[in-house]
Each structure stands twice: as C-alpha cells, then as structure tokens.
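The structure appears right after this line, and notes come after that.
The values are calculated or read from the model by the stated rules, or taken from the named source; none is laboratory data. Keep in mind that what you see is a predicted model, and the values were worked out from it rather than measured. Cβ placement follows ideal geometry from the backbone for every residue including glycine, while neighbour counts extend to all protein chains displayed. For accessibility, only protein heavy atoms count, side chains too; no ligands or nucleic acids. Shrake-Rupley method; radii C 1.70, N 1.55, O 1.52, S 1.80 Å.
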Amino acid sequence: MSWRDSTRPGHDKDEREWFEKEWWESYRNMTFQTNSTHAQLPSSVRAAVDKLVLPHLERDAEKTTPIDGVFYRNISGIYHSEWQAAYVNETTPFWNGTLPEGYDRPDNNTMGKMTLVLDTDRSANKSIGLLSGIARLRSGIFSASLRLQGLYWKENGTAVMYGTPGESAQTVVDLVKSMPNNSTFSEARAVFDEVYQHDLADYEQFRDVEHGCEYQIFLQFTPIEGFTRQELEEIEQELERPTGLSIRKPPTLNAQAILFSTNCSVTVSSAGAHVVGTRIEPYLAKATHYALATFVVLLVQIVLTIRQMEHTATPSSISRISYYTVAMQAVLDSYLCMLHLTGGAFYNEIYLAFSGVSFMTFALLTMFDMRYLAMIWHVQRPEAGNANTQEGRRELWLIYFRFYVVLVIGLFVIYMYTESIRPIASVLLAVLLMLLYSYWIPQIWRNIKRGT
C-alpha cells in the first residue's frame, strides 16, 4: 500500500486510524526477498552499485577484514561534485521506455554540477545514522532539486538515500526497498520502526505529493588515513561542542556517488571525480563571524547616515543628492534584511546572529532610508505640494509603490534562481545585482548635470 494507490485517507478520525493501521501493517510485513527493488534494477546499474558499496557493507558485517582508515560518524556537511548522466535502455518494473509527461531528466551523456547538503541525526542504532538533506543538480537548462532521506552506516562509510521532488512519507518505504542486501534491508526497517512507533505525524504528506524523477542515491566515503579513531572522535566532539581544545585540521569528506532514477531510467554518477565535502560546523562558524562583522558595519552605517542627514538638513544641500541613489540603497537594504532573516532560519546555531543583522538592516531601512527619501522628495519635487494635500499624498504613495514594485521583482528573480537555477534566472540575478550596486551612477550623473 502506498500513496500511489487510489485509496486515500479521509479527514475522518476512523478513516485516518484505518489508513495508519493498514500502512503500518504493510510496512512491517515487507521482506527483502519479496519487496526489495534492488534486484529489479537494470543489470548495469545493479553491478555498479554492488561494486561500490557491497564490499564495504559485507566486510563490516563479517568483521573479518579490517578497514584501512576511519570514517566520520557524523557526515553533516556541504558537498560538491561534477556528474555525468547516462540513459539506461532496459525495461524494468519501474520503466516502460517512456518518460512520464511533465517529468524532466538530464540529457544523455551530459555533464553537470551537484551540491549536497546533508544533516545526520542520531537513531536508536548507534552504528547507523539518520540522514536528511537536499540535492541540487545543474546542467545547462536542466536543474533538479531533491529532498533526501537516508541512512548512514558509520563503521564503513556507506550512505543509502532516496530523493524525491517533494516530501512524502512514502519515501521511507522506497528507501527501505532500495537497500542493496538483506542485512541492510533488515537494519533499515528496524531503524524506522523506532522512528515511527505507530505514529504517522506527517499524515498530510500522503495526500498531495509532487511528482517527478525519483532517485536512489548511493554514497561510499573514502576511508580517512593518517588519523586514529580516537583523534577523529576528538575532532568531531570539538566541532560539535567547542571547548577550545587544540585539534588537528579536520579532514575533508570524500566519496563516490551513484544516483539512479527508477521512474526516469537515468544514472547520474560522480564521473570518476570525488564528491568533496566539508563538515557543516566550519561553515556555521564563518557565518557567525560574518554576521558579527556585518552587525558592526551596519552600526557604523547608521551613524554615518545620521550624520549625513544632519549635514544635509537645508534645501540647498538636499537638492544636490540624487533621489535614485538613495532609493537604490533602500532597496538593497530591504533585500539584505529579508535574506539574512530567511538565511538564519535554516540553522538554529546562526539564527540569533542573523536575526540581529536583519533587525539592524530593518532599522536602517525604516527609520533612516525611507525618511531620507521623503525629505529628498519634498525638497526636489516642490510642485507636488505638501504631503497633507491630495496631490502630495499621491506623490508620496507613488514613492512607496515604486519601491515595493522593484522589491517584489527582485524577490521573484531571487526565487527563480534558488528554485529552478535556470540560466535566465542567473542572468537576471546578475543584472539585478549589477544595477543595485551601481547606486552611485545616478549621483554622478546628477553632479554632472548640475556642475557640482
């Protein structure tokens, strides 16, 4: 039973309880021999996956051959890699030779870039970690964003994940089914037994699922040489809970990757190159330092803005200032305010620091930038009349209207860039940033016209 079935649970309590019971029973009764999708993969893909991960998994299970080197037990981090796509022309239970309408996959033999953001959670099984994250694939006009769920075997550096265009509780079932052997299948099901405990908290995820190419993802990390298990554990503890202990430079994370889309029949592999990653903690530390430095810069900027407003209090001095220069700076400050606020929401560790920056930017925008704009407008547009008149209120309304129109257009471009990463969005974002950071050009042009 899955969300693909025609039967959907209703909002009635009895219907929901029935659905949870049926789903849970179906999940608990799965076996590797009956439900595994690994044996149904195309032969070339299955052989590549087995060659990549099974030697490590079987060696760890038998405990007969020691693994050279050690592995991180927490692989939370940001990863980058190049990839190459290849179509698999072999009929399987998931693929009949026709790409479903509306689905998008990379072209055959194309190259591209991949970014992975992974987060490791603890599970009841100390040797297996829960993974979640996001994968972004880019190549020319093709782009894909996947939400990931997976498991990480800490002793042998093997990660198995399942990626879908949107969140779905069915992802857990598909993930368990994609395990490469009976041992990992049983371990995966046991881990998620502990996670769910008969409680489908994400019930609504069964109802509306975004359809698209779904990927089985296999990562095999390269053993870290030159470090003992104790040294690496000390590094991990210091990264996660800093105490000031002097440690060696944390080693990078290197892995080989194979991604296979069962319903789009395309393989995306790391093309002989390593997937290279860095633990998330150094990024968060740099982000915190950046936020503190930006906070200080904003304080200085507010002080300088106040002094400029004091030194340009007369109509003659205000008439020399370009209205468009100040307006462009105000738009830029509004973007910085929202970007810092949303950026800080991704990680609790940097939320306070980024919220402080967002607050300072908001204060600069609302208390000084917009007030200064109104002063310049009042002096340079005397024909508009007083702000208390109908004509004055209309002109003042136009100021805010233009400001918010430009703001919304910019946010739409940024959304296009972050969600689709299409070339047109990249060009538009580059043009937008170039225009915003050219705010001195209107001032220079005004000075030339006035001869000042």
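Considering the stretch 340-368 alone, what residues qualify as being touching a residue at least 60 places away in the same chain (Cβ under 8 Å) and among the hydrophobic types (A, V, I, L, M, F, W, C)?
Correct list: Ile350, Ala353, Phe354, Val357, Met360, Ala363, Leu364, Phe368.
Applying a threshold of 7 Å to beta carbon distances and a minimum spacing of six or more residues, or different chains, the list of pairs starting in the stretch 436-452 at a residue that is touching a residue at least 60 places away in the same chain (Cβ under 8 Å) and ending at one that is open to solvent by 100 Å² or more (accessible area, probe 1.4 Å) and not hydrophobic (A, V, I, L, M, F, W, C) reads Pro442/Tyr324; Arg450/Arg320; Thr452/Arg320.
The combined condition, being part of a helix (DSSP H, G or I), open to solvent by 40 Å² or more (accessible area, probe 1.4 Å) and more than 30 Å from Pro242 (Cβ to Cβ), is fulfilled by Met328. All conditions in (1) buried (at least 17 other Cβ atoms within 10 Å of the Cβ); (2) in contact with a helix residue (DSSP H, G or I) (Cβ under 8 Å, 6 or more places away or on another chain); (3) polar (S, T, N, Q); (4) modelled with pLDDT of 90 or more hold for Thr312, with the sole exception of (4).
Consider the stretch 111-150 and keep the residues that are surrounded by 16 or more Cβ atoms within 10 Å (Cβ to Cβ) and assigned to a loop (DSSP other than H, G, I, E, B). The one that is modelled with the lowest pLDDT is Ser123.
Annotation note: of Phe295, Phe354, Phe359, the sole residue that is at pLDDT 90 or above, touching a Leu at 6+ places or on another chain (Cβ under 8 Å), under 30 Å from Arg241 (Cα atoms) and assigned to a helix (DSSP H, G or I) is Phe354.
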